[in-house]
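Everything on this sheet refers to the single structure shown next.
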Amino acid sequence: MYNIADRYLQAAKNKDINALGDIFTADAVYIEITGATYNGIGQIMEWFRQKSDNGNVNAWDIRKIVQSGENGAVQAYYEYRTSNGETTSYDCVILIETAEGKIKRWSEFSQTVNKTYPLQ
């Protein structure tokens, strides 16, 4: 699980669209934190190209992985900067389903990086 997740995160940081065919299954589903859903490697590659053209992934770092069989959850930190200078960052959990050593389903969930402590 670590290897396939890290390969995708590195591809995102390096804008390596050519790596995606070896990372995702042909019928993969990718669901962003916004709910935007991409079905199949063609849509995933088109979204990836657009995202890469409009900015840079500055950080996408694995903090922890929990695995059960071919499925797992990755806790990570993500930071993206658009070409006009806007930065988005969050802590996230990604649920990953794999098949035959590739990602079949990628589902993102996030929380703000700026934590509050209302009872302190």
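Would you please name the residue that is nearest to residue 75 (Cα to Cα), looking only at residues in the stretch 20-56 that are hydrophobic (A, V, I, L, M, F, W, C) and open to solvent by 20 Å² or more (accessible area, probe 1.4 Å)? Explain how you work it out, then say what you get.
Filtering the stretch 20-56 down to residues hydrophobic (A, V, I, L, M, F, W, C) leaves 20, 23-24, 26, 28-29, 31, 33, 36, 41, 44-45, 47-48.
Narrowing further to those that are open to solvent by 20 Å² or more (accessible area, probe 1.4 Å): 26, 29, 31, 33, 36, 41, 45, 47.
On the way: 26: 25, 29: 19, 31: 16, 33: 14, 36: 20, 41: 24, 45: 23, 47: 23 Å.
This residue is 33.
Scanning the stretch 91-114 for residues that are open to solvent by less than 70 Å² (accessible area, probe 1.4 Å) and not in a strand (DSSP E or B), we see that the one that is modelled with the lowest pLDDT is 113.
Report, by residue number, each residue of the stretch 13-37 that is β-branched (Val, Ile, Thr), at pLDDT 95 or above and touching a strand residue (DSSP E or B) at 6+ places or on another chain (Cβ under 7 Å).
To start, the set of residues in the stretch 13-37 that are β-branched (Val, Ile, Thr) comprises 17, 23, 25, 29, 31, 33-34, 37.
Among the residues that remain, those that are also at pLDDT 95 or above are: 17, 23, 25, 29, 31, 37.
If the condition is that a residue be β-branched (Val, Ile, Thr), at pLDDT 95 or above and touching a strand residue (DSSP E or B) at 6+ places or on another chain (Cβ under 7 Å), then 23, 25, 29, 31, 37 are the ones that fit.
Here residue 9 passes the criteria (1) closer than 17 Å to residue 92 by Cβ; (2) of a type outside the set (D, E, K, R); (3) touching a residue at least 12 places away in the same chain (Cβ under 8 Å); (4) open to solvent by 40 Å² or more (accessible area, probe 1.4 Å) except the one numbered (4).
The values are calculated or read from the model by the stated rules, or taken from the named source; none is laboratory data. No experiment lies behind these values; they were computed from the predicted model shown. Because the Cβ atoms are built from the backbone with ideal geometry, glycine has one as well, and the counts that use them run over all protein chains shown. All accessible areas refer to the heavy atoms of the entire protein, side chains included, with ligands and DNA or RNA removed. Shrake-Rupley method; radii C 1.70, N 1.55, O 1.52, S 1.80 Å.
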